[in-house]
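S.K.: First the structure, then my questions, so here it is.
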């Protein structure tokens, strides 16, 4: 006798489950992506009940609703583990300046991110919320069902806590799951660094009530290891898990900090060494690559000075990625959505950049954008793969095979999206558009 279920999605050209351990997939296992030809998935009470071939699933379960994928690819919904979601303003002039010869590093101390901080602090709660909701709409249409969202654009800790509260409230306003992160230690002031670090520490008890994560920018243009370590010690004592902006601008001790405190993630990691990757693997730290920033900041692109070709700022990125893929450190990828260094909302685009910029294969790219991203957020037991008991967050694409999503770049391949078993995108349009 067939068992009743709410929904079956059948006749997938490929159904990729991205199944794996809740700690994420690393090393040689990244090349082994579970693919079910002519696949199907059964859903009940918003959870995955079973996957298999269409013949197997329809023989065992009777659906209240049957959706025919008509040979299209079915996958887990994407998980974006690194964004700066709540902000105002646009900084397109910076890309134009970089492209026409100005230094990509200009504007870090004056203008640039400082402009974003000024515009964000000047905006009302309603303006910030509406802009963020619009961004979430676009992320959802591009197949993302879960988003980590950092603060970091407050002029002081009162503004940072304001942004954290607004970020937390978004989760009740939108179908996409929003996971807030407190990033009070983002950009240090030109002077009075000690007082600023202490203000971050003083804000942590309030932040801990609003967020499970504390992020620290430990890099040569941000905070020292010693400053970051002080913040990390207090955040950890308060029960917050760490995320670390690390080693983006140069070799630094940010990855060492992440390993020391068993951070949930270290992000960027452009200068990661084999020893640092080994230490993070032992500590259970996920390394989140952010290719949107490398791409937008022209870091893998040669420059020109007159008629002379200048070397790319970061020609070593494929080497760093190869070391990561060969290590036991779990890799992930995020958009790093922000107005300055990565104004991109699409996790599809990040997957498409991985092979082109880092020479990372298709199978690993899928793991990095689903299960491993969920693992970095401590949620791989609930999301990130199509496995029994997990939330029914999934996508039907407009292509038949998983490699086509990555190979054909520049557009949006999402056709339909379900979050918690409820359809929220149908034929490329938002539907049932309220928080679940």
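S.K.: Considering each of 128, 133, 183 in turn, give the residue that is within 20 Å of the chain's Cα centre (by Cα) and farther than 23 Å from residue 264 by Cβ.
M.R.: Going through 128, 133, 183 in turn, the sole match is 133.
S.K.: Just for region 373-386: of the residues that are under 15 Å from residue 16 (Cα atoms) and in contact with a helix residue (DSSP H, G or I) (Cβ under 9 Å, 6 or more places away or on another chain), which one is surrounded by the most Cβ atoms within 10 Å (Cβ to Cβ)? Break it down into steps so the answer makes sense when it comes.
M.R.: In the first step, residues of region 373-386 are kept if they are under 15 Å from residue 16 (Cα atoms); the result is 383-386.
With the extra rule that they be in contact with a helix residue (DSSP H, G or I) (Cβ under 9 Å, 6 or more places away or on another chain), the set shrinks to 383-385.
On the way: 383: 24, 384: 33, 385: 25.
Only one residue tops the list, namely 384.
S.K.: Which of the residues spanning region 259-276 are buried (at least 24 other Cβ atoms within 10 Å of the Cβ) and either under 20 Å from residue 319 (Cα atoms) or touching a residue at least 40 places away in the same chain (Cβ under 8 Å) (or both)?
M.R.: Matches in region 259-276: 264, 265, 266, 267, 268, 269, 272, 276.
Conditions tested, residue by residue: (1) under 24 Å from the mean Cα position of the chain (by Cα); (2) surrounded by 18 or more Cβ atoms within 10 Å (Cβ to Cβ); (3) under 19 Å from residue 245 (Cα atoms).
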{"residue": "159", "(1), (2), (3)": "yes, no, no"}
{"residue": "169", "(1), (2), (3)": "yes, no, no"}
{"residue": "177", "(1), (2), (3)": "yes, yes, no"}
{"residue": "191", "(1), (2), (3)": "no, no, no"}
{"residue": "194", "(1), (2), (3)": "no, no, no"}
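This table checks each residue for (1) closer than 22 Å to residue 329 by Cβ; (2) surrounded by fewer than 22 Cβ atoms within 10 Å (Cβ to Cβ); (3) in the same structural domain as residue 392 (by TED's automatic domain parsing).
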{"site": "25", "(1), (2), (3)": "yes, no, yes"}
{"site": "30", "(1), (2), (3)": "yes, no, yes"}
{"site": "37", "(1), (2), (3)": "no, yes, yes"}
{"site": "42", "(1), (2), (3)": "no, no, yes"}
{"site": "45", "(1), (2), (3)": "no, yes, yes"}
{"site": "58", "(1), (2), (3)": "no, yes, yes"}
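S.K.: Same structure again: Tell me, which helices (runs of 4 or more DSSP H) lie completely within region 30-140 with 1 or more residues that are in contact with a strand residue (DSSP E or B) (Cβ under 8 Å, 6 or more places away or on another chain) and closer than 26 Å to residue 151 by Cβ? Step through it out loud before you land on a result.
M.R.: Numbers: elements: 54-60, 92-99, 113-122.
Answer list for region 30-140: 113-122.
S.K.: If residue 53 satisfies every condition in (1) within 28 Å of the chain's Cα centre (by Cα); (2) at negative phi but one, which is the exception?
M.R.: Against the list (1) within 28 Å of the chain's Cα centre (by Cα); (2) at negative phi, residue 53 comes up short only on (1).
S.K.: Report yes if residue 317 is surrounded by 15 or more Cβ atoms within 10 Å (Cβ to Cβ), closer than 27 Å to residue 179 by Cα, touching a residue at least 24 places away in the same chain (Cβ under 8 Å) and in the same structural domain as residue 333 (by TED's automatic domain parsing), otherwise no. Let's see the steps before the verdict.
M.R.: On the way: surrounded by 15 or more Cβ atoms within 10 Å (Cβ to Cβ): yes; closer than 27 Å to residue 179 by Cα: no; touching a residue at least 24 places away in the same chain (Cβ under 8 Å): yes; in the same structural domain as residue 333 (by TED's automatic domain parsing): yes.
No, not satisfied.
S.K.: Okay, moving on. Report those helices (runs of 4 or more DSSP H) wholly inside region 193-274 carrying at least 1 residues which are under 13 Å from residue 183 (Cβ atoms). Lay out the reasoning, then the answer.
M.R.: Numbers: elements: 193-208, 225-237, 254-260.
Where helices (runs of 4 or more DSSP H) fall fully within region 193-274 and carry at least 1 residues being under 13 Å from residue 183 (Cβ atoms), they are 193-208, 225-237.
The values are calculated or read from the model by the stated rules, or taken from the named source; none is laboratory data. Keep in mind it's a predicted model, so treat the numbers as computed, not measured. Quick reminder, even Gly has a Cβ in these numbers, built from the backbone with ideal geometry, and neighbours come from all protein chains shown.
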